Amino acid sequence: MKRYGILFLLLLWPALALAAPSADEIVARANKAAYYAGKDGQADVKMTIYDAHGGTRQREFSILRLNVAGEDQKFYVYFKKPSDVRKMAFLVWKHVGGDDDRWLWLPALNLKKRIAPGDKRTSFVGSDFFYEDVSGRGLEEDVHQLVKETDDQWLIKNTPKDPDSVEFSWYQVWIDKATSLPVKAEYFDKEGKLYRRVSAEKIETIQGHPTVVEAVAEDLLAGTRTVNRFSKVKYDIGLKERLFTERFLRRPPREVTR
Amino acid sequence: MKLWLTGFSMKYPRLVLLLVLAVTVVFGWQFPKVKFDNDPENMLDAHEAVRVFHHQVKEKFSLYDFVIVGVSNEQDADGIFNVGTLDRIDRLTKQLLSLHRTADGAVAVRNPDGSDRILDLTPESGWQRGLNVAFQHDPNRLFTADGKSALIGRELISPSVVDNLKQAAFGSLKLEYLMEHPPTTRAEALQIRDDAMGNPLYKGTLVAEDGKAICLYLPIRDKTFSYNVANLVRALTADWPNSDQVHITGLPVAEDTFGVEMLVQMATSAPLAMLAIFLLLWIFFRRVRIIIAPLMVAMVSVIWAMGLLIGLGYDVHIMSSMIAIFLMPIAVADSVHMLSEFYDTYHLYGDKRGTMRKVVGHLFMPMLYTSLTTIAGFASLATTPIPPVQIFGLHVAFGVAVAWLLTMTLVPAYSMVFISEKSLQKLQLQRDAGKPSGLNRLLEGFGRFSYTRWKLILGVTMVVMVISVVGISRIQVNDNPVKWFTADHEIRKADAVLNRHFGGTYTAYLTLEPGVETAPTAADLQQALVEAAPHQLPEQWRDEIKTFSADLNDLPAVPDIAAFVEEARALAKSYDQRLLGDWRALADNIVYLDPAGLDLKTLARRLSALPAGQAALGRQLLDRLQGTGAVGDALIDAALAIIDQRQGRGFVALVDQQYAALTAPLFKRPAMLRWVEKLQQALAQDPVVGKSSSAVDALKKASYELQYRVDRSAAENQKRFAVPDTVSAVAQVFTQLEGMKKKDTLFHLVTRDYQEANLWVQLKSGDNKYMEQVVRDVDAFFVANPPPFPVKHAWAGLTYLNVVWQDKMVRGMLWSLGSSFVVVLLMMVVLFRSPLFGILAMLPLTVTIAFIYGLIGLVGKDYDMPVAVLSAMTLGLSVDFAIHFLERARQLQRELGSWQAAATEMFKEPAVAISRNALTISIGFTPLLVAPLVPYRTVGFFLATIMAVSWLATLFLLPALLTLFRRKAFGETAEQSLEEKG
């Protein structure tokens, strides 16, 4: 009986190994789920920035996203509130493996300005989210390692290939097996201390795509926190690539003004 | 009654000695509980309004105390901006940022290769180490209790970690750190210089305008870390070449270093004072056994006073660290007086018990009163509003009381047990064998002089008084904690170098917040709209503007502006729809056109398919586009450009803009920001201010970089280095600044709601008088240039706090001087039971105080903390001589029958005792003269001077005055006086 048992295991072994995905596969799946759902997508975002003393600032904006050739994507961010930044807009052309193109539109100054490629780990409009959190971090920038697996989550440790390019020494991401969505990312400094956390607080399935509808980024050193609440999420709306051009900065597309 | 204490002590000397020992052990037991506090901020009560405000400001704008590390290079042609120095600065920055505690608790920073560099900041000298143990100073304390670094890394200011906005390729804007990477070529190094100089927030703050120095600002979690942080920086830069000079300064470092050195001072000065007194007494009495008694009195009273202070739970502060040194010379005074008389008169009685009784008998009252007046002088410090000064005054007063009690009990008891009659007789024999001492002869000469030349003495005194009053009128109230160090101290030198290169290392914060402003009403908005419409809307809408204004009037009345703006916007929308609706729709249709294969012909076809209104406009558009030859994207852009010209801004935009202008937070309003700009320009003109920084500087810089265009002239671009014209434009530029690489740095200068602003004012000197000058200048600016909106302003920052407690100190001291004068005068009147003698007793000290303060005024020495503290106690100390003198003079006059005879006797034993007393106290304070800290030197010098002057004043002025007033004072008749003259 014992012998059969071993034989049974030996037979099954290759199959089990195949079933357990590699770390690279897991992060690729998570990246897809988090940033590439549908051909395109749109959402309204209500952003609340909490300072260390409990004060808050509110921003409201709409995001359009379009998947283009390869893994590349285009984003259009249009501000609605507060009223003094109404109509302010960002345009991002994300190039996987290369520098992104970014433009800024400041309506009150009638000003369109290109932003030179640079550090993507800078605050997105003063919040605790980075530009990179909005558009996604290149998978090829880190070495991924499966640290732990539970019944419903994978824990991936990510170590940057170029440690000087980032402020963290490594970060770990919990990925939900059911949705493939990353649900929590924790960033550690060079002393191995946790200093930053980004987490998905609420997930809903919209048009078949599990979607994070509430995300929180926390700066544990400064004691600040930003909550993004997503509404009116839609996928596959047939956005034209033409919307993601400088021309539409001055004249925001109907998709965001409506 | 007078002799009860002494009698008891001579009867049960061993019991008294045992009791004193027991109590001393109890007080000494408290010592290990000692806690030190070297924060001058504690000169103000923790609940003091300005201190509370200071902390609110720090909290509100996330401000921290800084250790300022300056690096200067005067040798390289490019100054600090050479590859080597910048690389070292970058490395230092990263090391400081990586400060952490290893698993086994050691201090470590990270090397460039990622490995740990373990540091041990324990000083090499065993003496220093011993002191650190004694004063519980851990040189490696660089972490909070929960292991956080003493430095707040994310707030550190260094070229490697401050944001910079700059132009990059293709007219794009680059956002990076000023020194993103250490330069590898000269050109890169110079680029960093130019970038820094182009940013008003960095020029004069981070980098010196002469390019020869850079300042790193290290924010610390608590001021008490500053001394150790300074040492850490010294350790990390120890291997730097000589061309790179490192200077560490800033008020927190100065204050913390002072605290540390103060303890060292305390540990050295007090024993030195003890030694000096010992030597002096030895010269007087030549018998160790004899002089042990006064030394015991001094030591025991210091132990009791300090034990009480520690036992009551008070921290040893800058002031209380001086208790020992103050108390010792004063404490020995009475016993020196007593012993002096005891040995001088022993030969008359030949029995120590009897001699002691006799001596105490006639010294009891003067000693009681001299002690009481000294106590009154110190206790009067309790009336000052400065807690550490109160504690100091009360504990010294307690110590003086203890010293009196011990003189009455311990000294006689000691004499009974440890000094044999035989040794006294031997002493007497030696004494008889010797000639009269120099001191005796000198004093007898003084006596003759002051009796015969009394008119001259009074004349000279008058002259001195007049000069003193002139001096006093010139006194300058000023203090500067950095100047508490001697000129050759490292901190003073660093301070001088950095303030030469930079805008100044002394920080004050000028905060601006909205004053009482009536909230804007619906009527205000309506009025603003009616006024602005003709200016902001196209000329050809003249009629529409008129009807719009009229329509606004007809809108249903609503309570508040928020409701009204909705109505107005709806109305404006209908106007826009009518006037611009078709243009907008047309533009929207064109912007969505597929550029592929688009030419004029296809465009015409697409336009004609639009609704009639748009189609009509489309035909106008096509006319304009004829002959441009544009196709595809270019054609769309050309069409949109034409529409832009026609379309104008519209009524809704007008409503939004006016509403924003009325309701915007104070520091998003262009008028307010321009006023701040003007205030900063005025500050820049102020010779005392090196530099001021505000959110407006950041705004102007960002506005310039955002709007910079390669195709514009430098002058045209420079015009954009300004506050934008509208609230929205300001808000949109600020939004860019909020999202920099280093998040939230803007909010050190303005609150997140843009309602309050903080001007960082850097002063070239920490002298309080300069800070006061700036405060006055700003007040004057407010009066001459009223801000466009009601604004309240207030000051914070350590430099300003020092002004506040200085002010309290000066007022407090004046009050305590006045009150103790009155109290001592009353005591004198009671003691002598004569108003005349009371006033006479006050005169030498009045002359002394006037002379001392006159001197301070004349030599231009600032009236600072130590000088202020001196004023009140001077009184209690210098009246002592007068008491002894007058008391004995009266006794002798009674015994001998005439003042002339008494005067001769006065300059024998009584004058010797007074002189010994004066010398003891003066000498006791002299160790302070070699102190490395200026306040101690000041105290030492002035106390010695006070003793000397009041001794002279007593010995010359009092006999002269007694001669003048002898009839009134002694009731001598005219005959007696005549007889003397004859």
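Quick notes
- Of the residues making up the stretch B:575-622, those that are touching a residue at least 40 places away in the same chain (Cβ under 8 Å) and hydrophobic (A, V, I, L, M, F, W, C) are B:Leu579, B:Leu580, B:Trp583, B:Leu586, B:Ala587, B:Ile590, B:Val591, B:Leu593.
- Within the stretch A:180-202, one or more residues are among the hydroxyl-bearing types (Ser, Thr, Tyr), within 13 Å of chain B (Cβ to nearest Cβ) and more than 30 Å from B:Leu640 (Cα to Cα).
- Any hit, the stretch B:686-701, residues being more than 8 Å from chain A (Cβ to nearest Cβ), outside any helix (DSSP H, G or I), small (Gly, Ala, Ser) and surrounded by fewer than 20 Cβ atoms within 10 Å (Cβ to Cβ): no
- Of the residues in the stretch A:91-99, not one is at pLDDT 90 or above, within 14 Å of chain B (Cβ to nearest Cβ) and closer than 29 Å to B:Gln755 by Cβ.
- The test for being outside the structural domain of B:Met179 (by the TED database) and farther than 28 Å from A:Asp119 by Cβ holds for B:Val761.
- Close contacts from the stretch B:171-182, counting a first residue that is at the interface with chain A (Cβ under 8 Å from one of its Cβ atoms) and modelled with pLDDT under 90 and a second that is assigned to a loop (DSSP other than H, G, I, E, B) and surrounded by fewer than 18 Cβ atoms within 10 Å (Cβ to Cβ), with Cβ to Cβ under 8 Å and a gap of 6+ residues or different chains, come to B:Gly171/B:Arg709; B:Gly171/B:Val710; B:Leu175/A:Asp119; B:Leu175/A:Thr122; B:Glu176/A:Asp119.
- Restricting the stretch A:107-127 to residues that are under 18 Å from B:Leu654 (Cα atoms) and crowded, with 20+ Cβ neighbours inside 10 Å, the residue that is farthest from the other protein chains (Cβ to nearest Cβ) is A:Pro107.
- For the stretch B:415-437, the candidate set comprises residues that are surrounded by fewer than 12 Cβ atoms within 10 Å (Cβ to Cβ) and assigned to a helix (DSSP H, G or I); within that set, the residue that is modelled with the highest pLDDT is B:Lys422.
- Answer residue from the stretch A:210-231, given it is in contact (Cβ under 8 Å) with a residue 40 or more places away in the chain, hydrophobic (A, V, I, L, M, F, W, C) and within 12 Å of chain B (Cβ to nearest Cβ) and is nearest to A:Arg29 (Cα to Cα) among those: A:Ala217
- Top-ranked residue of the stretch A:239-257 - restricted to ones that are within 10 Å of chain B (Cβ to nearest Cβ) and outside any helix (DSSP H, G or I), ranked as surrounded by the fewest Cβ atoms within 10 Å (Cβ to Cβ): A:Glu246
- Given (1) more than 12 Å from chain B (Cβ to nearest Cβ); (2) part of a strand (DSSP E or B); (3) within 23 Å of A:Val216 (Cβ to Cβ), number of the condition A:Thr159 does not satisfy: (3)
- Complete set of residues in the stretch A:200-238 that are in contact with a helix residue (DSSP H, G or I) (Cβ under 7 Å, 6 or more places away or on another chain) and either assigned to a loop (DSSP other than H, G, I, E, B) or among the acidic types (Asp, Glu) (or both): A:Leu221, A:Ala222
- Candidate set: the stretch B:593-630, residues that are surrounded by 16 or more Cβ atoms within 10 Å (Cβ to Cβ) and assigned to a loop (DSSP other than H, G, I, E, B); chosen: the one farthest from the other protein chains (Cβ to nearest Cβ): B:Leu610
Each row is one residue, and each column tells you yes or no for (1) more than 10 Å from every other protein chain (Cβ to nearest Cβ); (2) among the small types (Gly, Ala, Ser); (3) in contact (Cβ under 8 Å) with a residue 12 or more places away in the chain; (4) buried (at least 19 other Cβ atoms within 10 Å of the Cβ).
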{"position": "A:Ala37", "(1), (2), (3), (4)": "yes, yes, yes, yes"}
{"position": "A:Asp40", "(1), (2), (3), (4)": "yes, no, yes, yes"}
{"position": "A:Ala52", "(1), (2), (3), (4)": "no, yes, yes, no"}
{"position": "A:Gly55", "(1), (2), (3), (4)": "no, yes, no, no"}
{"position": "A:Arg59", "(1), (2), (3), (4)": "no, no, yes, yes"}
{"position": "A:Leu64", "(1), (2), (3), (4)": "yes, no, yes, yes"}
{"position": "A:Asp72", "(1), (2), (3), (4)": "yes, no, yes, no"}
{"position": "A:Val77", "(1), (2), (3), (4)": "yes, no, yes, yes"}
{"position": "A:Lys81", "(1), (2), (3), (4)": "yes, no, yes, no"}
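- Residue that is in contact with a His (Cβ under 9 Å, 6 or more places away or on another chain), at negative phi and aliphatic (A, V, I, L, M), where the choices are B:Val69, B:Val83: B:Val69
- B:Gly114 being within 14 Å of chain A (Cβ to nearest Cβ) and under 28 Å from the mean Cα position of the chain (by Cα): no
- Number of residues in the stretch B:892-906 that are part of a helix (DSSP H, G or I) and touching a residue at least 12 places away in the same chain (Cβ under 8 Å): the value is 9.
- Top-ranked residue of the stretch B:27-49 - restricted to ones that are part of a helix (DSSP H, G or I) and crowded, with 18+ Cβ neighbours inside 10 Å, ranked as nearest to the other protein chains (Cβ to nearest Cβ): B:Glu41
- Top-ranked residue of the stretch B:96-154 - restricted to ones that are hydroxyl-bearing (Ser, Thr, Tyr) and over 30 Å from B:Ile318 (Cα atoms), ranked as surrounded by the most Cβ atoms within 10 Å (Cβ to Cβ): B:Ser98
- In the stretch B:631-657, the qualifying residues are those that are within 60 Å of the chain's Cα centre (by Cα) and of a type in the set (Asp, Glu), and the one that is nearest to the other protein chains (Cβ to nearest Cβ) is B:Asp656.
- The single residue among B:Pro412, B:Pro366 that is assigned to a helix (DSSP H, G or I), in the same structural domain as B:Thr355 (by the TED database), in contact with a Lys or Arg (Cβ under 9 Å, 6 or more places away or on another chain) and surrounded by fewer than 24 Cβ atoms within 10 Å (Cβ to Cβ) turns out to be B:Pro366.
- Note on the stretch B:708-728: among residues that are within 14 Å of A:Asn110 (Cβ to Cβ) and crowded, with 23+ Cβ neighbours inside 10 Å, the one that is farthest from the other protein chains (Cβ to nearest Cβ) is B:Pro724.
- Of residues in the stretch B:459-516 being assigned to a loop (DSSP other than H, G, I, E, B) and without any contact (Cβ under 8 Å) to a residue 24 or more places away in the chain, the one nearest to B:Gly797 (Cα to Cα): B:Ala487
- Screening B:Thr874, B:Thr904, B:Thr846 for residues that are under 37 Å from the mean Cα position of the chain (by Cα) and surrounded by fewer than 22 Cβ atoms within 10 Å (Cβ to Cβ) leaves exactly one candidate, B:Thr846.
- The stretch B:238-267: number of residues that are surrounded by fewer than 24 Cβ atoms within 10 Å (Cβ to Cβ) and outside any helix (DSSP H, G or I): 10
- Matching residues in the stretch B:907-928 - criterion: being in a helix (DSSP H, G or I) and either more than 19 Å from B:Leu295 (Cβ to Cβ) or among the acidic types (Asp, Glu) (or both): B:Glu909, B:Pro910, B:Ala911, B:Val912, B:Ile914, B:Ser915
- In this structure, A:Leu104 does not satisfy being outside any loop (DSSP other than H, G, I, E, B), within 23 Å of the chain's Cα centre (by Cα), more than 14 Å from chain B (Cβ to nearest Cβ) and within 23 Å of A:Glu255 (Cα to Cα).
The values are calculated or read from the model by the stated rules, or taken from the named source; none is laboratory data. Keep in mind that this is a model prediction, so the values were computed, not measured. Cβ atoms come from the backbone with ideal geometry, glycine included; neighbour counts cover every protein chain shown.
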